[in-house]
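For reference, the structure discussed in these notes is given below.
The values are calculated or read from the model by the stated rules, or taken from the named source; none is laboratory data. Everything quoted here is computed from the prediction, not taken from an experiment. Don't worry about glycine lacking a Cβ; one is built from the backbone with ideal geometry, like all the others, and counts go over all protein chains shown.
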Amino acid sequence: MKQLKMAGDTEHQFCARQLSLGNASDSDAASERATASADSGQPVRLLPAQQTALQLGVYGKVTSLHAAQDWKGLQAIEPEACAAAVNLHPVLPTYAMEIYGDLGDCYELQGQYEKAVVLHEKSKAICAEMGDKAGLGVACSNLGNCYERLGQYEKAIASHEQDLALAEELGDRVGIGAASGCLGFCYMKLVLPEKSQEPQYEKAIAFHDKDLEIAKEIDDKVGMARAGCNLGVCYFSLGLHERAIDFHQESRAMYEEVKDPAGVVRACVNLGDCYQALGNDEKAAHWRACSTNEQAGDGKQK
């Protein structure tokens, strides 16, 4: 999941002009009038500035709940938030895009990927309308992540390829690395029966190589560890066990440096598997013992 980006100051300035039509308490006044309408059963017509203020109040709730990671609270106001997004879309599309994106993040992190896809698609459509390439990349990345979780790897690849193309167009090296890593993961999982019965490891390697290259370029040790692990898995799957060992060793060193015990354990297990495949039972046992020690908090593997 990526962080959504604002599109600039233009809409903020427009918002200020809208709100200047009313008084400083437009949002409260609009809310009170809406409540009075509900109580009396009679419709109350709000001024445009009051309508905007009321909807921006909902936007504020959404962003606050998202920042606090209060997913239950965000789900509770979803109908209100979606209504606000619909009304804000024609005049303040960036705000509508953010509402849909934040709701999509909420459902994605709760494991409700189908619902997240619907919301991220709405966010993506608004970004496309605005010509917001950075925001469009964010939405494509989020959609790709959801499709990965659903096991729909061809759709995930299409989304991540669009994200990659946008990142390249914008010269976003971090974005290029992230999208490349996601594509590599998808190709590790994708099986096309009409072509072969195995995932496409060669394609995966090309993307993970790019991810690793950029991680080194920007000194992202977590990224280096992740990409190295993925490359090791690919080479192991292709039967190139010695090459896999090189990457798992590099990955283990990075995981140790960033103090990620789970990553260290994973690297040690992978090294054990590699040496087992090479028929070196002694080294295989050594690395499996190291993984056990790391899980127990010993941390003395060498």
For this session: Looking at (1) crowded, with 20+ Cβ neighbours inside 10 Å; (2) modelled with pLDDT of 50 or more, find the lone condition where ARG45 falls short.
Result: (1)
Problem set entry | Pairs where the first residue, in region 246-257, is modelled with pLDDT of 95 or more and the second is of a type in the set (Ser, Thr, Tyr) and assigned to a helix (DSSP H, G or I), C-beta under 8 Å, 6+ apart | PHE247/TYR235
Seminar exercise, completed: Residue hits (region 106-123; surrounded by fewer than 24 Cβ atoms within 10 Å (Cβ to Cβ) and not hydrophobic (A, V, I, L, M, F, W, C)) are TYR107, GLU108, GLN110, GLY111, GLN112, TYR113, GLU114, LYS115, GLU121, LYS122
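Say we look at region 205-256 and pick out the residues that are small (Gly, Ala, Ser) and touching a Phe, Trp or Tyr at 6+ places or on another chain (Cβ under 8 Å); which of these is surrounded by the fewest Cβ atoms within 10 Å (Cβ to Cβ)?
Initially, region 205-256 is screened for residues small (Gly, Ala, Ser), giving 206, 215, 223, 225, 227-228, 232, 237, 239, 244, 251, 253.
Remaining after also requiring touching a Phe, Trp or Tyr at 6+ places or on another chain (Cβ under 8 Å): 225, 228, 232, 237, 244.
Working: ALA225: 26, GLY228: 25, GLY232: 29, SER237: 14, ALA244: 24.
Per the stated criteria, the residue is SER237.
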For this session: Tell me, please, whether a residue that is within 23 Å of GLY60 (Cβ to Cβ), in contact (Cβ under 8 Å) with a residue 60 or more places away in the chain and assigned to a helix (DSSP H, G or I) can be found in region 110-122.
Result: no
Exercise. Residue check, VAL191 against (1) hydrophobic (A, V, I, L, M, F, W, C); (2) modelled with pLDDT under 95; (3) not in a loop (DSSP other than H, G, I, E, B), all met but one. Which one?
Worked result: (3)
Exercise. Among (1) touching a helix residue (DSSP H, G or I) at 6+ places or on another chain (Cβ under 9 Å); (2) outside any helix (DSSP H, G or I); (3) modelled with pLDDT of 95 or more, which single condition is GLY232 missing?
Worked result: (2)
Problem set entry | Which numbered condition PRO199 fails, given (1) in contact (Cβ under 8 Å) with a residue 24 or more places away in the chain; (2) crowded, with 18+ Cβ neighbours inside 10 Å; (3) in a helix (DSSP H, G or I) | (3)
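Taking the condition of being surrounded by fewer than 17 Cβ atoms within 10 Å (Cβ to Cβ) and either at pLDDT 95 or above or under 11 Å from CYS268 (Cα atoms) (or both), how many residues in region 289-302 meet it? Working first, answer last.
Initial filter on region 289-302 (surrounded by fewer than 17 Cβ atoms within 10 Å (Cβ to Cβ)): 289, 292-293, 295-300, 302.
Now drop any that are not either at pLDDT 95 or above or under 11 Å from CYS268 (Cα atoms) (or both), which leaves 289, 292-293, 295, 302.
Residues meeting the conditions: 5.
Confirm whether GLY73 is outside any helix (DSSP H, G or I) and over 12 Å from ASN142 (Cβ atoms).
Working: outside any helix (DSSP H, G or I): no; over 12 Å from ASN142 (Cβ atoms): yes.
No; evaluated as a whole, the condition is false for this residue.
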Exercise. Which of the following residues is outside any helix (DSSP H, G or I), out of contact with any strand residue (DSSP E or B) (no Cβ under 7 Å at 6 or more places or on another chain) and among the small types (Gly, Ala, Ser): GLY272, GLY279?
Worked result: GLY279
Problem set entry | Among (1) buried (at least 21 other Cβ atoms within 10 Å of the Cβ); (2) touching a Leu at 6+ places or on another chain (Cβ under 9 Å), the one test that ALA267 misses | (2)
For this session: Working only within region 123-143, note down all residues that are in a loop (DSSP other than H, G, I, E, B) and farther than 21 Å from ALA178 by Cα.
Result: GLY131
For this session: Working only within region 76-106, note down all residues that are touching a helix residue (DSSP H, G or I) at 6+ places or on another chain (Cβ under 7 Å), in a helix (DSSP H, G or I) and either more than 21 Å from LEU143 (Cα to Cα) or without any contact (Cβ under 8 Å) to a residue 24 or more places away in the chain (or both).
Result: GLU80, ALA81, ALA84, ASN87, LEU88
